[in-house]
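The values are calculated or read from the model by the stated rules, or taken from the named source; none is laboratory data. All values derive from a computational prediction rather than experimental measurement. Don't worry about glycine lacking a Cβ; one is built from the backbone with ideal geometry, like all the others, and counts go over all protein chains shown. To get the accessible areas, we keep the full protein, side chains included, count just its heavy atoms, and leave off ligands, DNA and RNA. Shrake-Rupley method; radii C 1.70, N 1.55, O 1.52, S 1.80 Å.
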Amino acid sequence: MKQIRIGLVGVGTVGSGLLQLLEKNREIIKKRNNLDVQLVAIATRTPERAKAYTSLPVSSDVISITTRPDVDIVVELIGGTTTAFDVVHSALTHGKTVITANKALLSEKGDELFSQAWKNGVELGFEAAVAGSIPIIRTLRDGLSSCEFEVLCGILNGTTNFILTKMEEENWDYSVALKKAQDLGFAEADPTFDVEGIDAGHKISLLSSLAFREKVPFGDLQVEGISKLKSIDILSSKSLGYRIKLLGISKKTSGGILTKVHPTLVPLNHPLANVMNEFNAVYYKTVESGAGMVTGKGAGALPTASAVLADLIFYASKFGVKDSIIENNIFPKSKKAEEKENAARYYLRFSTLDKPGVLAEIAKVLGKNNISIASVQQKEVDKEPVHVIVLTHSATEGDFKKSIQEIDEMSSIIKEKTVAIRLLENL
Ligand code: HSE
């Protein structure tokens, strides 16, 4: 039986999940994969906390794990882009294969790390970095490797999907739902990464590279989160036949790959609309296979740890066999998509005074900027501001931005910043 020796760096939510799974599934892995996975070293910046999960000695020297001759594979689960970079870089340099769940690290510094892996003839596995338990990395790099992608579009952040679900189904406040997501171990150490769309941005940037074999760096992405949404947006969208989802979208245009993250009104009959709670999903369209979707739990200790363990088994089983995805993963930078390709229909919520001429003023600005109104809704209430909800026909990002800026400057009638949410295109 093949034996593989693991050094684990980081014992937070996912690290502790991995410790549980290594214990629970050890015999199954032996039988099924003819592989004996032995955990030989653990390091974390908070050794005291880790002792609750393991009886092995725990070191606070995270770099020391990466140079130990008795470690074959280093698992990096500390997160962040500073110490984690040093750990992964050092491990690769010392000839260790590395498994990581760190999407921020790969999205921002992946080129350097993949080159280092390739140079040293080792592997850098990252199945757990995107969409938790869903085997989406393997699906894109292997299962769909013969296909030409048209679009990739996903619910890639469990925390925000959980928040949106609970706001709709349980009528929870945004902050209550976020706190619960943190308690359940879904959220990032800094939850602004979740709610402002940064985490989903890191993930769509990685997925997009694998699908299109061209890189759209995270810094080039248009990223918007969910923090400005209120219950009224969720309820109004539903009454119009949509559900709001935070989507990462990447699509081929005639100019280049357009990649972005924003809250999106998804028609209720679209498969993405019914992905709830901390579940993630990736919807894709390729020329050859048509449309498809994979879904599963996108956050949490055991779902994410199961992907780390799957990577461990995969790379341990083919230890010493060079994996060409590493070389292929260093993709050329994509050309920027043209501005006119970035168009959408919009849901606009104007918070206005309830007096004559207000609607006409708003309509005038939209019309002047080539934006056509598809529908208007206003509920009768006895307190200002009132909310006027407009659905538009397709408008370019430039025309939309100009209009909203102009409308938000009309301080005599507009009382709060306008909320705008894009509608899902016809996918
Ligand atoms: N904070 C992330 C999420 C964890 O909520 O999806 C998994 O990457």
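Points worth noting:
- Residue under evaluation GLY154, criteria (1) more than 26 Å from GLN222 (Cα to Cα); (2) not in a helix (DSSP H, G or I), criterion not met: (1)
- Flag if VAL308 is outside the structural domain of ILE29 (by TED's automatic domain parsing) and either open to solvent by 80 Å² or more (accessible area, probe 1.4 Å) or hydrophobic (A, V, I, L, M, F, W, C) (or both): no
- Cβ-Cβ distances below 6 Å connect the following pairs, each with a first residue in the stretch 346-369 that is within 23 Å of ARG422 (Cα to Cα), a second residue that is of a type in the set (Gly, Ala, Ser) and at pLDDT 95 or above, and a separation of six or more residues or different chains: TYR346/ALA420; LEU348/ALA420; VAL365/SER403; LEU366/SER403; ASN369/SER403.
- Neighbours by Cβ (under 7 Å, 6+ apart or cross-chain): first from the stretch 125-142, hydrophobic (A, V, I, L, M, F, W, C); second assigned to a helix (DSSP H, G or I) and more than 15 Å from the ligand (Cβ to nearest atom): ILE137/LEU210; LEU140/LEU210; LEU140/ALA211
- Matching residues in the stretch 120-131 - criterion: being more than 20 Å from the chain's Cα centre (by Cα) and either within 16 Å of the ligand (Cβ to nearest atom) or modelled with pLDDT of 90 or more (or both): ASN120, VAL122, GLU123
- Verdict on SER227 being hydroxyl-bearing (Ser, Thr, Tyr), without any contact (Cβ under 8 Å) to a residue 60 or more places away in the chain and touching a helix residue (DSSP H, G or I) at 6+ places or on another chain (Cβ under 7 Å): yes
- Out of LYS401, LYS340, sole residue that is part of a helix (DSSP H, G or I), in contact (Cβ under 8 Å) with a residue 24 or more places away in the chain, under 30 Å from ILE249 (Cβ atoms) and of a type in the set (Lys, Arg): LYS340
- One residue from SER90, SER16, SER60 being open to solvent by 60 Å² or more (accessible area, probe 1.4 Å), closer than 30 Å to ILE198 by Cβ and modelled with pLDDT of 90 or more: SER60
Matching residues to (1) basic (Lys, Arg); (2) under 30 Å from PHE331 (Cα atoms):
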{"residue": "GLN20", "(1), (2)": "no, no"}
{"residue": "ILE28", "(1), (2)": "no, no"}
{"residue": "VAL40", "(1), (2)": "no, no"}
{"residue": "GLU48", "(1), (2)": "no, no"}
{"residue": "LYS51", "(1), (2)": "yes, no"}
{"residue": "VAL74", "(1), (2)": "no, yes"}
{"residue": "GLY80", "(1), (2)": "no, yes"}
{"residue": "VAL87", "(1), (2)": "no, yes"}
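- Any hit, the stretch 292-305, residues being crowded, with 22+ Cβ neighbours inside 10 Å, more than 16 Å from the ligand (Cβ to nearest atom) and without any contact (Cβ under 8 Å) to a residue 60 or more places away in the chain: no
- GLU108 assigned to a helix (DSSP H, G or I), within 16 Å of the ligand (Cβ to nearest atom), open to solvent by 20 Å² or more (accessible area, probe 1.4 Å) and within 16 Å of LYS215 (Cα to Cα): yes
- Test: residue in the stretch 259-278 that is small (Gly, Ala, Ser) and open to solvent by 10 Å² or more (accessible area, probe 1.4 Å): no
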